[in-house]
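A quick write-up on the structure given underneath.
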Amino acid sequence: MNILSVKLPDVGEGVTEAELAEWTVKVGDIVKEDDVIAAVMTDKATVEIPSLYDGRITWLAGEVGDVLAVGSDLVRIETEAEAVAGDTPEPIAEPAPDPGPDPAPEPPSETAEAPAPAPRKPAPATPAQPGPPRAEGQAPLASPSVRARARQGGLDLRQVPGTGPAGRITHDDLDTLFAQPPRGRQPGAAAGRAKRSGTEEIKVIGMRRKIAERMALANQRIPHITVVEEVDVTALEDLRTRMNATRGDRPKLTVLPLVAAALARAVVDHPEMNAHYMDDEGHVLRHAGVHVGMATMTEAGLVVPVLRHVEALGLFEIAAEIARLSEAARAGKAGRDELTGSTITITSLGPLGALATTPIINHPEVAILGINKMATRPMWDGSQFVPRKMMNISASFDHRVIDGWDAAVFVQRMKTLLETPALIFVEA
Amino acid sequence: MKTESCTLLIIGAGPGGYVCGIRAGQLGLDTIVVEGDRPGGTCLNVGCIPSKALIHAADEFAKVSQFAGDNELGISTTAPRIDLARTLAWKDGIVKRLTGGVSSLLKKSGTRVVSGTARILDGKTVEVATRDGPRRISCEHMVIATGSKPLELPALPFGGPVISSTEALDLQELPKRLTVVGGGYIGLEIGTALAKLGAEVTVVEAADRILPQYDAELTKPVMARLAALGITLHLSARASGLTDEGRALTVESAEGRQEIAADKVLVTVGRAPVTRGFGLQDLGLTMNGEFLAIDDRCATSMRGVYAIGDVTGDPMLAHRAMAQGVIVAEHLAGQPALWDKHAIPAVCFTDPEIVTVGQLPGDAAADVQTAVFPFAANGRSLTVERSDGFVRILHAADTGLVLGIQAVGAGVSELAGEFALAIEMGATLTDIAETIHAHPTLSETVQETALKGLGRALHI
C-alpha cells in the first residue's frame, strides 16, 4: 500500500492558485481512477479534478473556500497503484501525530483558559487536524465516563482527536465537539439560534432577466410532456472507462459526449425531434445538422453553448469541444455564434442530477434531454440481484407537435442506444 | 402445559446471569432467570468464594502453627488443630448467605427466578424441568449464561480418589497426601491451602513451569513459597493414570515413569464451557472454538440470542461475566451499551498473590518499557513480614501511557482496583506518580514504580 498524493494541476494559463469550490469525496471514501474528487475555481473557471488512482482517501487539503497553490497536494490516497509517471512519486510519510516535545516542561493545559462556554469561539482542537486523529488500528484512549458520554451522544470516538496526555480524549474535547453547531446533531444544540428579519431586494437584470424571459416564454407557449426512463449504463460506463484508459493526450471522456453522440444517432430515425417549431409562423423546421445545446451553469447564470454538427464529430472531438465551450461560457468569453443555433438541448446537473427532473424546452426547439444522477443499484436479473450502474433520463417534448407515443418511442430509442452503446456507432 | 412469556430469559444464575437479571429488572424489563442449582453459579458455590474461605482458614492455621515454633514476633502458643468439618460449615454459611443475598437482590429488582433445568426448544422458547413438572417459557430475548465446568482428563476420570475443585473445597477430612494435576491457578490455590493445613502436596504440571500464562519473573516468588511450604513440583510431567490399586498416580516425564503415592488426586487442568445437553447446539450458533462467538454487545449469531460469561471464552472470570451481563441488560433496555473495556484484571490467589491487568511483557508491542519496584523497599511490606514480590508497570516509551500493570506479593489482590482504574482511565506514569499514595501502604509501591519509570524513583 502506498500513500500517493493528487496534486492540484495547472488549471489554466497563468493560474498559480485556485479556490476549493467543492469536495465530492471525504476522508475514508473509496475512489476509482478518474472519479471526480474536487472542483476548484480559478478567476477564470471552475474545474473538476479527477483522481489519478484507485484507493482510499486519507487526507484532504482543506475546506471549501481555502485557496491552494498549483502543484500542492490536493488529496492523499492510500492505493496499491504506483505513482503516475511525471508526477513526483514521493510516498508521503504517514501523517503521524507529531511526537511532541519531551515529557519535560508541558505548557499549562490549554483548556484551562475557557471556563465558561464561550459561544461560537472557533474550536481550538479540531481545525488544523491533518487527516484522521490517530494511526489506523490505534484505539481511542478515553476514560470510561468519556466513552459513556460519547456513546450517549452518538459520537464515534475513533474520529475524535484527543488533547490529553498520551492523546487521551478528555471531557473538554467532547465539550468542544458538542458545542460545534454545524455538525452537532445534538437535539439540545439550539444555542445561538435567533429570529432574522428584513428583506433584501435583488434586481433582475441583464442575463438573469434574459433567462427569466426565455423560461417564461417556453413555459407559457409550450405544453410540456416529460418522460422519465431508467437506463442501465453499465456497458456505457465500461466503454468510457476503457476509452479513458487509452486516451493518451486526449481530453477525458465524461458521460456527456456519449449522450450527445447517442442523441445525434437517435434523431436520424426521429427527425421530428431535431426541429424548431416556429409557432408564430405556423410551421416546423426539421434540421439536417444536429446542433446540441449544452445547458451550462455559470456564475452569471444558465447559458447554453452549442455543439455544432455533433453527427460529424468523434467522441473525443465532442469531449474537447464540450470542454472548450464550457470553459469559454464559464469565463464569459463564449461568442454569440457559440451560444445560438441549437436544434436540441441536453441538460445535466452532474453529481446533483437528482432522480428525475422536468426540463424546460429551449424555445423554439421541440425536445430537451435531462441527464440524472448515476448510481449503482441492485437490479433483479431474473435469478438474483446484481449491482448495475443506473441512470435516469428525463426528456421533455413540445406536446403541440410531438405526441406522447412518439415521445415515448424516442425515449426508448435513447435507452436502447445508451444501454448498448455499440448501436450508437452502427450505421443505420 | 402452560406457556409463560417474558421479555428477557436468562439461562444460568451465575455471576453473569444474576447480574444481568438484576440490571434488567432495575431497567424494567420483564425478566426470568432459570437456574438448575443454587443461584451464584460456580463463583459463589464452588469457586471464588469457597476457595477464598478455605485459603483464609489455611492461612490462619499456618500463622498459628508458625507461632507454635520459634518466631521473631515473640509470640508463643501450642500447636493448633483444625476441625475441618467446622471450617467447612463456616464456609458453607458464607456461601449460603451470599447465594441468599443474590436471590433477594433478584427479587428486589422484580426479576423472577425459575428453579429447574432449562432446555432450549428454539431461539425464543425454553422448557424448564421444575420440581412441579415442566414449564414452557417464551421470550423475546434469551441470554445464555451457562458457565463452565472442570475439565476431565480421559486418563483420570472424576470419581473415587480423583476429584475436581468442587470436591476439593468440600473435603470433610484432610488427605494425608494430595497430588494436584495441573499447575494453574486453581490447582495451586487449593494445593497451597491444603499444604498449609498439613497435607503433603505434590503438583504435576505438563508445561515446564507453573502458571504458564505468566512470565517466569512473576511466578518466581510463588515458586519460592511453594518450596518453603514443602510442596513438590514435577514439571514437564504428564499424569497418565492411577496405579491398579488406585493408591498412587503414575507420571511420565523425561526422567521416565514414576509413581506418586496419593490419597486424593485433584485434577485442575482447566475448565470447559457448558454448551451441550440442553438444546443449545440445535440453535446452530456460530462458535469461536468451543465457545459461543459473540460481538461487542454479547450478541450471538442468532438474532435475539445473547451469551455472557464462561461460555463465551477466556478469560473465564466472574467480573468479566458480570460486566457482560450489565451490557446485555442495558443494550436490551435501549441504552447505548457496548463492550469497550480496556482491560480485565485477573487475580491469582496463590501465596503470594499475583495480579495482572492489561498488557503482559509477552504481548508483542513495540516501544514498550518496563518499570519494576520491589516490595523489599516498602515499609508496610516489612511490617507484615512479607517483602517478597514487586510491582511492574509496562508503559509506552514515548507518551508514558500505562499499558499493563502486574504485581506479585502478599495482599496485592487489593491493588487490582487501582491497576484497572489506571488503565481504564488511560493514565500515564505521571498520573500515577503525581497521585499521593497513602503511607505506609503497599500501594506506595505502585507510585514508586511509576516514578521509577519516569527516572525519578525516591526510595530505591
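The values are calculated or read from the model by the stated rules, or taken from the named source; none is laboratory data. In this text the structure is predicted, and so the values were computed from the model without any measurement. Note: ideal-geometry Cβ built from the backbone for every residue, glycine included; neighbour counts use all protein chains shown.
Does any residue of the stretch B:200-212 turn out to be farther than 20 Å from B:V265 by Cα and crowded, with 16+ Cβ neighbours inside 10 Å? No. Restricting attention to the stretch B:97-117, the residues being out of contact with any Leu (no Cβ under 8 Å at 6 or more places or on another chain) and within 15 Å of B:A145 (Cβ to Cβ) number 4.
Within the stretch A:389-403, being of a type outside the set (A, V, I, L, M) and surrounded by 19 or more Cβ atoms within 10 Å (Cβ to Cβ) holds for A:N392, A:S394, A:S396, A:F397, A:D398. Screening B:S240 against (1) modelled with pLDDT under 95; (2) touching a Lys or Arg at 6+ places or on another chain (Cβ under 6 Å) leaves a single unmet condition, (2).
Starting from residues that are among the acidic types (D, E) and more than 14 Å from every other protein chain (Cβ to nearest Cβ), keep the ones in the stretch B:398-421 and report whichever is farthest from the chain's Cα centre (by Cα). Show your work before the answer.
So the first thing to find is which residues in the stretch B:398-421 are among the acidic types (D, E), and the list is B:398, B:414, B:418.
With more than 14 Å from every other protein chain (Cβ to nearest Cβ) added as a condition, the list becomes B:414, B:418.
Working: B:E414: 14, B:E418: 18 Å.
Here the residue is B:E418.
So, A:D43, is that one at pLDDT below 85, more than 14 Å from every other protein chain (Cβ to nearest Cβ), more than 30 Å from A:T246 (Cα to Cα) and under 28 Å from the mean Cα position of the chain (by Cα) or not? Judged against the criteria, A:D43 is a match.
Can you find a residue in the stretch B:378-395 that is of a type in the set (S, T, Y) and assigned to a helix (DSSP H, G or I)? The answer is yes, given that some residue of the stretch B:378-395 is of a type in the set (S, T, Y) and assigned to a helix (DSSP H, G or I). The residue of the stretch A:273-289 that is surrounded by the fewest Cβ atoms within 10 Å (Cβ to Cβ), among those that are touching a strand residue (DSSP E or B) at 6+ places or on another chain (Cβ under 7 Å) and outside any strand (DSSP E or B), is A:H287. Given the conditions (1) away from chain A (no Cβ under 14 Å); (2) over 25 Å from the mean Cα position of the chain (by Cα); (3) at pLDDT below 95, which single one is not true for B:A438? Result: B:A438 fails condition (3) only. Do the conditions hold for B:E424, that is, is it of a type outside the set (V, I, T) and within 14 Å of chain A (Cβ to nearest Cβ)? In short, yes.
Among the candidates B:G404, B:G362, the residue that is at pLDDT 95 or above and either exposed (fewer than 14 other Cβ atoms within 10 Å of the Cβ) or out of contact with any helix residue (DSSP H, G or I) (no Cβ under 7 Å at 6 or more places or on another chain) (or both) is uniquely B:G404. Of all residues in the stretch A:148-174, those that are facing another protein chain (nearest Cβ under 8 Å), of a type in the set (D, E, K, R) and surrounded by fewer than 19 Cβ atoms within 10 Å (Cβ to Cβ) total 1. Residue-level check: of (1) buried (at least 16 other Cβ atoms within 10 Å of the Cβ); (2) more than 23 Å from the chain's Cα centre (by Cα); (3) not basic (K, R), B:T312 misses just (2).
Considering only the stretch B:389-398, state which residues are surrounded by 20 or more Cβ atoms within 10 Å (Cβ to Cβ) and either under 16 Å from B:T350 (Cα atoms) or not charged (D, E, K, R) (or both).
B:G389, B:F390, B:V391, B:I393, B:L394, B:H395 - these are the residues of the stretch B:389-398 that are surrounded by 20 or more Cβ atoms within 10 Å (Cβ to Cβ) and either under 16 Å from B:T350 (Cα atoms) or not charged (D, E, K, R) (or both).
Has the stretch A:249-268 got any residue that is free of Cβ contacts under 8 Å to residues at least 12 places away in the same chain and part of a helix (DSSP H, G or I)? No, the conditions are met nowhere in the stretch A:249-268.
Only one entry in B:T192, B:T179 is of a type in the set (S, T, N, Q), in a helix (DSSP H, G or I) and farther than 28 Å from B:L280 by Cβ, namely B:T192. Restricting B:A24, B:A89 to those that are part of a helix (DSSP H, G or I) and in contact with a strand residue (DSSP E or B) (Cβ under 7 Å, 6 or more places away or on another chain) reduces the list to B:A24.
Is it the case that the stretch B:108-128 has a residue that's acidic (D, E), outside any strand (DSSP E or B) and out of contact with any Cys (no Cβ under 6 Å at 6 or more places or on another chain)? Among the residues of the stretch B:108-128, not one is acidic (D, E), outside any strand (DSSP E or B) and out of contact with any Cys (no Cβ under 6 Å at 6 or more places or on another chain), which makes the answer no. Can you confirm whether the stretch B:291-301 contains a residue that is within 20 Å of A:A148 (Cβ to Cβ), within 14 Å of chain A (Cβ to nearest Cβ) and out of contact with any strand residue (DSSP E or B) (no Cβ under 9 Å at 6 or more places or on another chain)? Taking every residue of the stretch B:291-301 in turn, at least one turns out to be within 20 Å of A:A148 (Cβ to Cβ), within 14 Å of chain A (Cβ to nearest Cβ) and out of contact with any strand residue (DSSP E or B) (no Cβ under 9 Å at 6 or more places or on another chain). Considering B:A366, B:A416, the condition of being farther than 26 Å from B:R225 by Cα, outside any strand (DSSP E or B) and out of contact with any Ser or Thr (no Cβ under 8 Å at 6 or more places or on another chain) is satisfied by B:A366 alone.
Within the stretch B:315-340, the set of residues being part of a loop (DSSP other than H, G, I, E, B) and surrounded by fewer than 20 Cβ atoms within 10 Å (Cβ to Cβ) comprises B:P315, B:L317, B:A333, B:G334, B:Q335, B:P336, B:L338, B:W339, B:D340. Screening B:I344 with (1) assigned to a loop (DSSP other than H, G, I, E, B); (2) over 25 Å from B:G47 (Cα atoms); (3) of a type outside the set (D, E) gives one miss only, at (2).
If the condition is being part of a helix (DSSP H, G or I) and surrounded by 17 or more Cβ atoms within 10 Å (Cβ to Cβ), then the stretch B:224-234 contributes B:R225, B:L226.
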